[in-house]
Amino acid sequence: MEFVGHDHHYQTEITNDLMIQIDHELEETSSSTASNTSNINKRYLSLLVINYMLLFSGSISSSLLSKFYFNHKGDSRWVSTWVQSAGFPLLLLPIYLPFYVFKSTHRKPFTNFTPKMLLLSIVIGFFLGLNNLLFSWGNSYLSVSTNSLVLSSQLVFTLITSVIIVKQKITFANLTCVVLLTLSSVLLALNSNHDKPKGITRTKYFIGFFSTLGAGLLFSLYLPLMEKIYKIVSCYSMVMEMQMVMELTATVFAMLGMAIDGGFSEMIKESKNVFDLGEKAYWITVMLNVLTWQFCFMGTAGMVFITSSLTGGVCMTALMAVNVLGGVIVFGDNFGVMKIISTILCVWGFGSYLYGIYIKKKEEEKKKEDSTDTDDQHSVA
């Protein structure tokens, strides 16, 4: 009996040691998991900030530079379409640098890039090229501020297409946003007589208006489609790979149009004989357009991948108000009462959507806290 007692005591000590070891391992695992989660969150936040900065700088600069081209006698919609996607080789940097230079990923570029993804990228790239052409037509006939406010209507379309394609839930906040932005665009259409740039007829104004509206509609289809496709994409580099194929296709579309319109020889003639600031300024304008448009599209693709199509659309809409002010400051666009009201409605709609996101986040945090408290009570019991 004494032997059994010692044995029992010995087994108890072993059991206690094992329990202590397991507790230490659980603490280490928990600490490791927390550390990994923290690192992931930091990377996520860094990527989010970088992409929004690209979208912010690209959206504002490209809109102003595109109008600058037309204001100084640039006249080719195909050139304006081409510059929006011709910077696709720049995407090779975020595709190849992480693997070959930074060694931050084990995935080689274009690994698991399936024929289906290639086909989808080409088809979407064609529609992206058409969207770019419609934007060019709109930008050539409308002021920057009007063009930006009309483009803000893409959020209305984005909400509708997001509901259909990615099953986005309709809330009071995003519905209010849609109504306000729709009213904003209607006011601009009614104010066409007072808002036409000099030398633009009422007919051309409405061609520009509906071209921009069409560009907004196509882009709103592009955003949720990309969100749906990105769900099968494994990493950010693959997003950039798809984006490069899309923009390559859009560039081919624009080059075909340019070939019908006279090709690159027409660009040379335009730089020498048409652009009123001279040949050097022409090519600087073209190259800056190529660069800034690439920033804009990179930022957009990244925002959709990291967040959602609707959030990406909202971020772009928020920048439209900045574009409106940019047009007024840089080009002296008319900023009458109707446009002021339209801008207020646009900002109000955006604010309504942001408030909806804030409330939703608070509700989710409360549910998480309640769930944690319930789990703690169960574990104590």
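The values are calculated or read from the model by the stated rules, or taken from the named source; none is laboratory data. Quantities reported herein were computed from a predicted structural model and do not represent experimental measurements. A quick note on method: Cβ atoms are made from the backbone with ideal geometry, for glycine too, and the neighbour counts reach across all protein chains shown.
Only helices (runs of 4 or more DSSP H) whose full extent lies in region 1-102 are considered here, and the ones with at least 3 residues that are among the aromatic types (F, W, Y) and either under 22 Å from the mean Cα position of the chain (by Cα) or modelled with pLDDT under 90 (or both) are 2-71. For the condition in contact with an Asp or Glu (Cβ under 9 Å, 6 or more places away or on another chain), crowded, with 17+ Cβ neighbours inside 10 Å and touching a residue at least 12 places away in the same chain (Cβ under 8 Å), S143 qualifies.
Among the residues of this structure, N334 does not count as one that is within 21 Å of the chain's Cα centre (by Cα) and not β-branched (V, I, T).
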